[in-house]
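Everything below concerns the one structure shown next.
The values are calculated or read from the model by the stated rules, or taken from the named source; none is laboratory data. Because the structure is predicted, anything quoted here is derived from the model rather than measured. When we count neighbours, we look across all protein chains shown, and the Cβ atoms used for this are built from the backbone with ideal geometry, even at glycine.
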Amino acid sequence: MSDRGFTKAVLITGAGGGIGVRTVAAFAERGYRVYAGVRSTAGIPQLDRTGVTQVELDVTDPATIRRALESIAAERGSAGLQVLVNNAGVIVQGPLELVPDEELHRQFDINVYGPQRVLKAALPLLRNGHGRVINISAATAQLAMPYLGPISASKAALESLSHAARVELAPWGIPVVIVEPGAAETPIFAKAEAEARKALALADPSRVALYRNQLAAVEGAMAKQKPGPVDRVVKAILRAAEARAPKACYVASRDARLLRVLSRLPLRMRDRLLAGSLGLAKVEPAVGAPR
Ligand SMILES: NC(=O)c1ccc[n+]([C@@H]2O[C@H](COP(=O)([O-])OP(=O)(O)OC[C@H]3O[C@@H](n4cnc5c(N)ncnc54)[C@H](OP(=O)(O)O)[C@@H]3O)[C@@H](O)[C@H]2O)c1
C-alpha cells in the first residue's frame, strides 16, 4: 500500500494483542498511516483496515526489526515516523524460587531489550519525522507485586531506560513518554497463567508444594479483581501521541494510580498492605514444609 496522502505515521509493536488491535484502530480512525507490527506472517484479520499495513516484527529478532524499519523508510522517505508505540509485552509470573531462568530471560528479552532494539532502529525515522516514542509500561513498575516479580522488574527497567532516553533525546525534540496501564481486559493474563502452569509442571514438585497455600490465596484474590476497559489505555496512548507537550508519564487507570500511592508508603507498611490485599497475611506454609 502506498503512503501517499498520509501526513502522520505510527509504528505499533504487538499490534495483534488486546491493546494493540484497539490502538491500531484508534490511530487509523484519526487518519494516521499505521504500521502494525505482528509476529505472525499469516496476518491478523482484525487489523485489516484502510491505512493499516501489517509488518512482520518480532521484538526479540533484530532481522525482523531491521526489515520492518527498512520497509517503512522506503515508503515514508523524508516524512519519517511521527510515533513509535512500544506495546509488545508478556507477563511472566510465579514464585521467584520457581521461575525458570529461561522465563526470566524471555520476560526481559521481550519487555525491556525489545523496546530498546526497536527504538534504536527507529531513531533515524523518528528524527526525520519529528516523532515521539511511547513505551507501554505497567503499574507494577512502581510497585513490585509478589508472585509477579518478573513482570514488575521488567517494567521498572523499561521505565528506567525511558527516563534516560527522555533526557538523551531531548536535544532532537523527540519526547519519550511512558503510558502506565492498570489491569485491562486482554488475553495477556490467560497466556501468562498458561506459561506459569507449564513452568510449575516442570519444577521440583517438593518445592512447588511449599507454595501451595500462597498460590491458592493469590489466585483467589486475583480472581476477584475485575480488569478495566482497554479503551482507557488507548485514550492515554492517544493523549501521549497528540499532546503538543506530552507529559513524561500518563497513568491510565484508577488502580494504577492507587498502586502509585501505595508505592510511596514506608516499605513495611506497604508489604503488610500488599500481603493483606492478596490474601497472604494469614496464610501458613503448607503442612510439612520447612519454615
Ligand atoms: N492488559 C493489561 O492489564 C496490561 C496492564 C499493564 C500493562 N500492559 C502492557 O500492555 C502491552 C500490551 O499488552 P496486552 O494486554 O494487549 O497483551 P496481549 O493481548 O497479550 O498482547 C501482547 C502483544 O504482544 C505481542 N508479543 C509478544 N511477544 C512478542 C515479541 N517477541 N515480538 C513482538 N510482539 C510480541 C503478542 O503477540 P502474539 O499474539 O504473537 O503473542 C501480542 O500481540 C504489554 O506491554 C503489557 O505489558 C497490559
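I'm checking my understanding of the structure. Among residues of region 92-107 that are hydrophobic (A, V, I, L, M, F, W, C) and closer than 14 Å to D204 by Cα, which one is surrounded by the most Cβ atoms within 10 Å (Cβ to Cβ)?
For region 92-107, the residue satisfying everything is V99.
E193 - would you say it is under 24 Å from D61 (Cα atoms) and out of contact with any helix residue (DSSP H, G or I) (no Cβ under 7 Å at 6 or more places or on another chain)?
So E193 does not fit the description; no.
When region 129-139 is examined, which residues are found to be within 20 Å of T23 (Cβ to Cβ) and either aromatic (F, W, Y) or not in a strand (DSSP E or B) (or both)?
If the condition is that a residue be within 20 Å of T23 (Cβ to Cβ) and either aromatic (F, W, Y) or not in a strand (DSSP E or B) (or both), then G129, G131, S137, A138, A139 are the ones that fit.
Could you tell me whether any residue of region 74-91 is within 11 Å of the ligand (Cβ to nearest atom) and outside any loop (DSSP other than H, G, I, E, B)?
Yes, region 74-91 has at least one match.
Can you tell me which residue in region 13-47 is surrounded by the fewest Cβ atoms within 10 Å (Cβ to Cβ), limited to those that are within 11 Å of N87 (Cβ to Cβ) and of a type in the set (V, I, T)?
Applying the filter and picking the extreme gives V21.
Evaluate region 1-13: report whether one residue or more is among the hydroxyl-bearing types (S, T, Y), touching a helix residue (DSSP H, G or I) at 6+ places or on another chain (Cβ under 9 Å), under 30 Å from P150 (Cα atoms) and within 16 Å of the ligand (Cβ to nearest atom). Give the derivation first.
Here is the first cut: in region 1-13, the ones among the hydroxyl-bearing types (S, T, Y) are 2, 7, 13.
When the remaining residues are screened for being touching a helix residue (DSSP H, G or I) at 6+ places or on another chain (Cβ under 9 Å), the result is 2, 7, 13.
Among the residues that remain, those that are also under 30 Å from P150 (Cα atoms) are: 13.
In the following step, the residues that additionally are within 16 Å of the ligand (Cβ to nearest atom) were identified as 13.
Yes, there is a match, as at least one residue in region 1-13 is among the hydroxyl-bearing types (S, T, Y), touching a helix residue (DSSP H, G or I) at 6+ places or on another chain (Cβ under 9 Å), under 30 Å from P150 (Cα atoms) and within 16 Å of the ligand (Cβ to nearest atom).
Could we say that Q54 is within 15 Å of the ligand (Cβ to nearest atom), buried (at least 18 other Cβ atoms within 10 Å of the Cβ) and over 18 Å from R127 (Cα atoms) here?
yes
Please work out if G18 is within 14 Å of the ligand (Cβ to nearest atom) and of a type outside the set (K, R).
yes
Which members of region 57-73 meet the condition of being of a type in the set (V, I, T) and within 11 Å of the ligand (Cβ to nearest atom)? I'd like the intermediate steps shown before the answer.
Keep residues of region 57-73 that are of a type in the set (V, I, T), which gives 59-60, 64-65, 72.
Scanning region 57-73 gives V59, T60, T64, I65.
Let's see how each residue does on (1) in contact (Cβ under 8 Å) with a residue 40 or more places away in the chain; (2) under 27 Å from L148 (Cβ atoms); (3) in contact with a Leu (Cβ under 8 Å, 6 or more places away or on another chain):
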{"site": "R49", "(1), (2), (3)": "no, no, no"}
{"site": "V52", "(1), (2), (3)": "no, no, no"}
{"site": "A63", "(1), (2), (3)": "no, no, no"}
{"site": "A68", "(1), (2), (3)": "yes, no, yes"}
{"site": "I72", "(1), (2), (3)": "yes, no, yes"}
{"site": "R76", "(1), (2), (3)": "yes, no, yes"}
{"site": "L81", "(1), (2), (3)": "yes, no, yes"}
{"site": "Q93", "(1), (2), (3)": "yes, yes, yes"}
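Any idea which of A88, A164 is modelled with pLDDT of 95 or more and either crowded, with 21+ Cβ neighbours inside 10 Å or closer than 24 Å to S253 by Cα (or both)?
A88
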